[in-house]
Amino acid sequence: MFRPRGMCMFLALRELRFARGRFALMGAVISLISVLVVLLSGLSTGLVNDGVSGLKAMPVTAFAFDEGTMKDNAFSRSIIEPDQLAPWRDADGVEAAEPLGVSIVNSTTDAGKQVDLTLFGVDPDGFLAPATSSGDGIAGVNGIVVSETLADDGVEIGTVVTLDRIDVELTVVGFTEGQATFGHVDVAYLPLETWQLIASNSVQPGPPTQATTAAADYPLFSAIAVQAQDGAEVDLAAADRAAGTTSMTLTDSFNASPGYEAETMTLSMIQVFLYVICALVVGAFFTVWTIQRAGDLAVLRAMGASSRYLLRDSLAQATVVLLVFTGIGVAAGVAMGAVMPDTMPFELEAGPIAVASALTIVLGLLGAAVSVLRITRIDPLAALGGRR
């Protein structure tokens, strides 16, 4: 007895073996697209971490900037007065609110190595103080805790870093746990009072001292870091009205990092185009393939196979091709990512790769499904010569 389902699956597998050259060529294109998707995913993740890993590491719910501050580069544009801090500390649902100073400087190590630093001025005893992987935490007015990625530049505990033009000397006392960067520049955490001394432009050359920081008349800072209570939701708009600030959630504040939004939008657009190309290429291939096998499909229709089974046959072929060759492409992309140079902001994470691979497969299947809809219009009479 004729069984359409079994016959269709038999036909699908038989054609994969019979036309393996054509399917291999199509699969090679899918694999190359998958490789590009994986590499773009790694580059996107690497750029995000290189741009805002210092912010991501902070246990912060939101940041508040001076009212009217432009959101791009808000950390460097904003200037907060001390009296704007109290309304945030008194706001409902706020566990703590601390001042944060941010500035990017050029510096030179005592070994003559030039390094750029983003100075994060924080309360050494507050929740913004970084965890360390080695060395000590922020101690003394001239001590800094730096991103562990600076170790690749020869920086070590005890290294003295001199800030250009003002000749302020800071000593490395520890390294952060993992990468800590802001705007693609390594972060150096230091006491807020030291940051305010440097920002005041009245600093004297040499290492800061308790006396010089106490004498500095600069109570301003860049932003207010807000930490919500567990399970509480802070009314940011109400707190902004009371304090005269403009707040952003932690994720939204990433756009206040230099170049972050432009970089992520560019890479996202490239990824979208790759997905569209994948759908179009797979759809075009199966359109041509369906035309070539129209006679065989018409015979099956004449034997009683329904359009539903024929569609399942074609989509089964597309699924096999997409799964196998996407897997090959992902494996190749991961292997290539493992040998990327350390100077490139590249980092592979399982989550983004899984999402990108799933999108490649789903959109490829969508393109195949659209192309094989012509199967529903296969005329059984064509197989019997009814149109001759």
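The values are calculated or read from the model by the stated rules, or taken from the named source; none is laboratory data. Values in this document were obtained by computation on a predicted structure and should not be read as measured data. As a convention, Cβ positions derive from the backbone with ideal geometry for all residues, glycine included, and neighbour counts pool all protein chains shown. Note: accessible area is taken over every heavy atom of the protein model, side chains too, but ligands, DNA and RNA are not part of it. Shrake-Rupley method; radii C 1.70, N 1.55, O 1.52, S 1.80 Å.
Annotations
- For the chain, the longest principal axis of the alpha carbon atoms and the long axis of helix 4-18 meet at an angle near 70°.
- Ordering 165, 89 by accessible surface, largest first, gives 165, 89; the 1.4 Å probe counts only protein heavy atoms, with every chain in place.
- For a paramagnetic label modelled on residue 77 (point 7 Å from Cα along Cα→Cβ), amide N atoms under 15 Å away belong, within the stretch 28-68, to 64-68.
- Area accessible to solvent at residue 263, 1.4 Å probe radius, in Å²: 60
- Apportionment of accessible area to carbon and sulfur, the chain, percent (1.4 Å): 58
- Solvent-free Debye scattering, log10 I(q)/I(0), computed from the Cα coordinates of the stretch 90-171 at q = 0.15, 0.26 Å⁻¹: -0.59, -1.48
- Cα point-scatterer Debye curve for the stretch 162-262, base-10 log of I(q)/I(0) at q = 0.13, 0.15, 0.19 Å⁻¹: -0.70, -0.89, -1.15
- Using the rule -39500 (n - 2.57) for each DSSP H run of four or more residues, divided by the residues of the chain, the 222 nm mean residue ellipticity is -15500 deg cm²/dmol.
- Based on alpha-carbon atoms, the Kirkwood radius and the radius of gyration of the stretch 211-319 give Rg/Rh equal to 1.43.
- Max mean-square fluctuation residue, GNM over the chain, Cα-Cα springs under 10 Å, options 19, 256, 188: 19
- All other residues whose Cβ lies under 15 angstrom from that of residue 111 are scored, Lys and Arg at +1 and Asp and Glu at -1, for a net of -4.
- Taking 0.36 nm per residue of separation and subtracting the Cα-Cα distance, full extension of the segment from residue 167 to residue 242 would add 23.0 nm.
- Listed candidates (1) 36.7; (2) 25.9; (3) 19.8 - label of the one calculated as mean projected area of the Cα convex hull in nm²: (2)
- Summing Lys and Arg as +1 and Asp and Glu as -1 over all other residues whose Cβ lies under 9 Å from the Cβ of residue 162 gives a net charge of -4.
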